[in-house]
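Every number in this text was worked out from the coordinates using simple rules, so none of it is lab data. From a predicted model like this one, the values you see are computed outputs, not experimental measurements. Positions of Cβ are generated from backbone atoms using ideal geometry, with glycine treated the same way; all protein chains shown enter the neighbour counts.
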Amino acid sequence: MFTDPVLKRRLTRFFDPGSLLGPPTTRDLLGLYREYRLDPRSAHPRLYESESLAHLSHAQLLALFQAMRIRREHRVLSLGEGNGAVSRVLVKTMGCRVTGVDFNRRLVVSARSLAKVHGVERRVEYLQQDVQALRLGKRRFNRLYCHETMCHWQDKALALSGALPRLERGAVVGIHDWLRGDKGSLDEGLRRLPALGRMYAKRIWFQSTLAELAGLLRRLGLEVLVTEDLTDAVDAGLRKRLAFIEAVSHSAGDRARRAARSFRAVLPAHYAYLRYGRVIARRR
Ligand SMILES: C[S@@+](CC[C@H](N)C(=O)[O-])C[C@H]1O[C@@H](n2cnc3c(N)ncnc32)[C@H](O)[C@@H]1O
């Protein structure tokens, strides 16, 4: 089953490069690297922070990779990879190979061209596919991660059932996700918090609780090793990033101002309509 076409259009519009809250276009990124004198071939954390508006920080991403015990010789599958910001960090820090899947054509094009700019093109490949209808050929993997994407999948069991048979025995699965809050999902938050409603797309949210995610993985035969609520840490991190942008607001560019607006809008939704979590599981 493919994702419902209306949902697919909404998600594509929301995450297209250059959209209000999507990642910058490749052209804009090349300008940012020059402006901030960032070497795109390096593993500098600011690269990730300018390439992605992910709420989980660069440090939290590294903690996920460490918890998954990713090694150089591993082949890693990433579902909902976006513009490749996450896999570029992974390849540079761990030296493994990554296959990233995303259904947004413009994000896949951007991921392929940025891989060349970052000098990692031999270690990554990107497939334009719906995670609910995976076609992975003969590929086999030692690790699978899903970073801030499962909250948009209508049928998480279907997507994972396509991926799990491709994992070797003992393979580790790592998830960072936007979870449902104590009062409901972001769609409810969008109705109650007008500033949030003006920035975030509606009807693209299928958040689970940490317990639901863990239950799903167990039903699919995985051994769940870790479940961790990261809301406190993400909330503190976004407040810090917001304070920094506000402190330099006189010189902040358009994109930084937009990021500040989105953080200001989303912070009141934390806990009530949005939590964050990490799950680590293993294929038996
Ligand atoms: C919030 S972005 C996260 C991107 C990336 N993982 C990161 O953390 O920077 C969510 C991504 O999931 C992708 N996505 C959502 N549903 C999908 C599906 N059914 N199949 C493939 N990709 C999907 C979107 O296109 C988008 O790139």
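Data table
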quantity: Links that overshoot a 20 Å alpha carbon limit, given the list Lys8/Lys92; Lys8/Lys202; Lys92/Lys116; calculated: Lys8/Lys92
quantity: Cβ-defined net charge surrounding Val91, 9 Å radius [Lys, Arg +1; Asp, Glu -1]; calculated: +4
quantity: For region 28-90 and region 164-226, distance of Cα centres in Å; calculated: 21 Å
quantity: Positive-end extreme of charge dipole, region 71-194 - chosen from Leu190, Gly95, Val109 (charges on Cβ); calculated: Gly95
quantity: Distance between modelled label sites at Arg9 and Arg191, nm, 7 Å Cα→Cβ extension; calculated: 2.3 nm
quantity: Reference-scaled alpha-carbon Rg (2.2 N^0.38 Å with N residues) for the chain; calculated: 0.95
quantity: Dipole axis of the chain (+1 Lys, Arg; -1 Asp, Glu on Cβ), positive-most option in Ala260, Asn83, Val124; calculated: Val124
quantity: Dipole moment magnitude, nearest 20 debye, region 3-161 about Cα centre, only Lys, Arg, Asp, Glu C-beta charged; calculated: 620 debye
quantity: Label zone at Arg69, where the point sits 7 Å out along the Cα-to-Cβ direction: region 141-169 residues whose backbone N lies under 13 Å; calculated: 143
quantity: Which of Ser251, Ser208, Ser185 has the fewest Cβ neighbours within 10 Å, and the rest in rising order; calculated: Ser251, Ser185, Ser208
quantity: Dipole axis of region 3-64 (+1 Lys, Arg; -1 Asp, Glu on Cβ), positive-most option in Leu32, Ala43, Leu21; calculated: Leu21
quantity: Most mobile of Ser42, Ser50, Ser78 in a GNM of the chain (Cα contacts under 10 Å); calculated: Ser42
quantity: Region 125-134 - phi-based ³J(HN,Hα) in whole Hz, Karplus 6.51/-1.76/1.60, Gly and Pro as x; calculated: 9, 10, 10, 8, 8, 7, 5, 8, 8, 6
quantity: Net charge over other residues, Cβ less than 11 angstrom from the Cβ of Ala63 (K, R count +1; D, E count -1); calculated: 0
quantity: Sites Met1 and Lys116, calculated FRET efficiency, Cβ-Cβ separation with R0 25 Å, nearest 0.05; calculated: 0.15
quantity: Cα-centred dipole magnitude for the chain, charges only on beta-carbon of K, R (+1) and D, E (-1), debye, nearest 20; calculated: 700 debye
quantity: Kirkwood hydrodynamic radius (C-alpha pairs) into Stokes-Einstein, region 30-138, 10 °C and 1.306 mPa s, D in µm²/s; calculated: 112 µm²/s
quantity: Percent of C-alpha pairs per 5 Å bin, region 124-244, short to long; calculated: 2, 9, 16, 21, 18, 14, 10, 6, 3, 0
quantity: For the chain: relative contact order, % (alpha-carbon pairs under 8 angstrom, 6 or more apart); calculated: 19 percent
quantity: Order of Trp205, Trp178 - criterion: other Cβ atoms within 10 Å of each residue's Cβ, fewest first; calculated: Trp205, Trp178
quantity: Residue-span extension gain [Arg219 to Arg46] - 0.36 nm each, minus C-alpha spacing; calculated: 58.4 nm
quantity: Placed amide H near Gly22: partners under 5 Å, 5+ positions off or other chain; calculated: none
